[in-house]
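As structure tokens, the structure follows; a few thoughts come after it.
The values are calculated or read from the model by the stated rules, or taken from the named source; none is laboratory data. Note that this is a predicted model, so its numbers are computed, not measured. Methodologically, a virtual Cβ is constructed for each residue, glycine included, from the backbone with ideal geometry; neighbour enumeration extends over all protein chains shown. Note: accessible area is taken over every heavy atom of the protein model, side chains too, but ligands, DNA and RNA are not part of it. Shrake-Rupley method; radii C 1.70, N 1.55, O 1.52, S 1.80 Å.
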Amino acid sequence: MLSVLSYGRLVARAVIGGLSQTDGRDYSLVTASCGFGKDFRKGILKKGMCYGDDACFIARHRSADVLGVADGVGGWRDYGVDPSQFSGTLMKTCERLVKEGRFVPSNPVGVLTSSYYELLQNKVPLLGSSTACIVVLDRRSHRLHTANLGDSGFLVVREGEVVHRSDEQQHYFNTPFQLSIAPPGAEGAVLSDSPEAADSSSFDVQLGDIILTASDGLFDNMPDYMILQELKKLKNTNIESVQQTARSIAEQAHVLAYDPNYMSPFAQFACDNGLNVRGGKPDDITVLLSIVAEYTD
């Protein structure tokens, strides 16, 4: 027969094991960023939270933590347009709307939609295209809400395994879904998707879950098993550890991107589509690394 003390211990363990359903504490994200523009050999920021033509933001509001990544379409450079202008403006607009509280945590597609239509109505001319991924942690409900348009994306790691990941959206090989603003009269000639076409998802997270949000420059050069190997280095929730691990991941992806003998995920995907490709994929790389922690003011 169990003693009262032993029974009490078992009950305590059961309660602790069920914290994901009953925990009344608020959660938050401890997030760090690192990246490389493909034209740079060092991880430096360009014009705010931009790495090359990639852009990102990290924002906090009283009800949620929100972050995003956008990958500017480099082909616009052939027409004299800086691709980072569109992705950077899109992310800055998302960040501002979050900080102003003009969003619903459970609807990240709404953040993306509002930001895009604000860009369309902007009095300052803006041209370009971009993919986008928005991730929102609702602090009180402990739910993660996501919206992904194109081939940037996220993955959630728990106890060393990927438990959630975004679905890539491609029209055809190497042509992802994207938001666009075309020159007047050329709207029909430029590939443009609606922000409402973004793939969305919602799910519960737990303390200690790791959320990796990144542009395709990471996922095209590092398979999951390599990413998981790097994430083993993340031992706690302090920002220094998160920053160091984010940099380690971005640096490895950057090195692999320029390895001509490496069979990258992008090269494998190209081969699957009938193309004879080998090596890494030189590209802008943006990594936002987050860990779910207890919220503190």
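Brief remarks follow.
- Region 230-254 residues that are touching a residue at least 24 places away in the same chain (Cβ under 8 Å), paired with ones that are crowded, with 17+ Cβ neighbours inside 10 Å and among the acidic types (Asp, Glu) (beta carbon under 7 Å, 6 or more apart): Thr245/Glu230; Ile249/Glu230; Gln252/Glu230
- Matching residues, region 66-80, being in contact with a strand residue (DSSP E or B) (Cβ under 6 Å, 6 or more places away or on another chain) and open to solvent by 10 Å² or more (accessible area, probe 1.4 Å): Asp71, Val73, Trp76
- Residue check for Gly150: on the phi > 0 side of the Ramachandran plot and at pLDDT below 95: no
- Checking Asp71 against (1) farther than 25 Å from Phe219 by Cα; (2) modelled with pLDDT of 95 or more; (3) outside any loop (DSSP other than H, G, I, E, B), the condition it does not meet: (1)
- Whichever residue in region 32-45 is part of a loop (DSSP other than H, G, I, E, B) and in contact with a strand residue (DSSP E or B) (Cβ under 9 Å, 6 or more places away or on another chain) and, among such residues, is modelled with the highest pLDDT: Gly37
- Residues in region 55-82 that are closer than 18 Å to Ile181 by Cβ and of a type in the set (D, E, K, R): Asp71, Arg77, Asp78, Asp82.
- Each residue in region 105-135 was checked for being assigned to a loop (DSSP other than H, G, I, E, B) and crowded, with 24+ Cβ neighbours inside 10 Å, and 0 of them qualify.
- Arg139 vs. criteria open to solvent by 10 Å² or more (accessible area, probe 1.4 Å) and out of contact with any Lys or Arg (no Cβ under 6 Å at 6 or more places or on another chain): no
- Residue match in region 247-256 (condition: touching a Ser or Thr at 6+ places or on another chain (Cβ under 6 Å) and farther than 24 Å from Leu149 by Cα): no
- Gly35 meets each of the listed conditions (1) open to solvent by 10 Å² or more (accessible area, probe 1.4 Å); (2) out of contact with any Pro (no Cβ under 9 Å at 6 or more places or on another chain) apart from (1).
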